[in-house]
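Here's the structure we're looking at; comments come further down.
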Amino acid sequence: MIDMDPQAHLTQIHGQHPETAKQSLFGFYQDDKPLYHLEVEWPGIGQLIPSHKELIKVDSIFGKGPAVLNKLKVGLDIADKLYIGRHTLIDCCPYLGVLSLNAIFAADLMIIPISSDYLSLQGAKKVEQTLTAIEPVLKRPIHRRYLLTRFDRRRSMTFEVQKKAKQLFGEQVLDTVISENVAIAESPEKGKDVFSHQPNSAGANDYFALLMALARDGWI
Ligand SMILES: Nc1ncnc2c1ncn2[C@@H]1O[C@H](COP(=O)(O)OP(=O)(O)OP(=O)(O)O)[C@@H](O)[C@H]1O
Ligand SMILES: [Mg+2]
């Protein structure tokens, strides 16, 4: 997993913040450290490349030239030669700057969460517009799926947002949804993923269904 969000929530859940920015993903951008030098173990899960608040500087230090936009893709291609068969999950921040563009350029599939409310749908519309504008530059389709999260079946707005998302993004909206669920809300505080925290919860079931749907479509 790569924590590409300077807020570093994923790193916080892992429990060990790197002491210096150099030991985080920032070291890859600033000092050209290979990605595998930055990995830390996450027992039972895999490896994490942690984030650091300094990562926010990447946007101002580096311009938006093709070299920096392709940097993560190149770094991951090198890492792939060492660890064939590993899947990489990149956690992005909501802002579409250099970091998120790096993730978009490197990824086979983007998952865009829409928490089932109106503002989140507006955010997703902006993401869709940006991706449509980037595709001609990349000269390949950006494969993406919209995932409705915090899906609260007691609210009619939830179903309105789902309907609108399907009108806007069509087949790109996943049929699997993630329910509003207390086990998901609690698990970060426990420093756990939802599967270890509450394996039989609706939240764990929903995320498992998501994995199955992605596997069925050949993404994992
Ligand atoms: N399906 C859900 N049910 C209940 N609570 C949820 C659900 N999804 C997320 N949350 C709550 O919202 C918090 C933040 O969620 P999320 O992990 O999406 O945010 P983030 O990564 O910190 O935010 P962002 O990347 O948008 O800045 C979680 O810690 C959890 O408490
Ligand atoms: Mg996040």
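The values are calculated or read from the model by the stated rules, or taken from the named source; none is laboratory data. Keep in mind the model is a prediction, meaning the values are calculated, not measured. Because the Cβ atoms are built from the backbone with ideal geometry, glycine has one as well, and the counts that use them run over all protein chains shown. Heads up: the accessible areas ignore ligands, DNA and RNA and are worked out on the full protein's heavy atoms, side chains in. Shrake-Rupley method; radii C 1.70, N 1.55, O 1.52, S 1.80 Å.
Is there a residue being in contact (Cβ under 8 Å) with a residue 60 or more places away in the chain and either within 21 Å of K33 (Cβ to Cβ) or away from ligand 1 (no atom under 16 Å from the Cβ) (or both) anywhere in the stretch 115-128? Checked the stretch 115-128: no residue is in contact (Cβ under 8 Å) with a residue 60 or more places away in the chain and either within 21 Å of K33 (Cβ to Cβ) or away from ligand 1 (no atom under 16 Å from the Cβ) (or both). Applying the set (1) closer than 27 Å to S196 by Cα; (2) within 16 Å of ligand 2 (Cβ to nearest atom); (3) open to solvent by less than 80 Å² (accessible area, probe 1.4 Å) to L55 leaves exactly one unmet item: (1).
Where residues in the stretch 12-22 are more than 20 Å from V98 (Cα to Cα) and part of a helix (DSSP H, G or I), which of them is most open to solvent (accessible area, probe 1.4 Å)? Step through it out loud before you land on a result.
Here is the first cut: in the stretch 12-22, the residues more than 20 Å from V98 (Cα to Cα) are 12-20.
Applying the additional criterion that residues be part of a helix (DSSP H, G or I) yields 12-14.
On the way: Q12: 111, I13: 46, H14: 31 Å².
Looking at residues that are more than 20 Å from V98 (Cα to Cα) and part of a helix (DSSP H, G or I), I get Q12.
Among the residues of the stretch 137-172, those identified as farther than 24 Å from A204 by Cα, in a helix (DSSP H, G or I) and without any contact (Cβ under 8 Å) to a residue 24 or more places away in the chain are V137, E160, K163, K166, Q167, G170, E171. For the stretch 128-168, taking the residues that are touching a helix residue (DSSP H, G or I) at 6+ places or on another chain (Cβ under 7 Å) and among the charged types (D, E, K, R), the one that is most open to solvent (accessible area, probe 1.4 Å) is identified as K164.
Output the residues belonging to the stretch 58-113 that are assigned to a loop (DSSP other than H, G, I, E, B), more than 16 Å from ligand 1 (Cβ to nearest atom) and over 16 Å from I134 (Cβ atoms). Result: F62, G63, Y83, I84, G85, R86, H87, T88. Taking each residue of the stretch 176-187 that is over 14 Å from D152 (Cα atoms) and open to solvent by less than 50 Å² (accessible area, probe 1.4 Å) and looking for partners that are more than 7 Å from ligand 1 (Cβ to nearest atom) and charged (D, E, K, R) with beta-carbon atoms closer than 9 Å, six or more apart or interchain, yields S187/D193.
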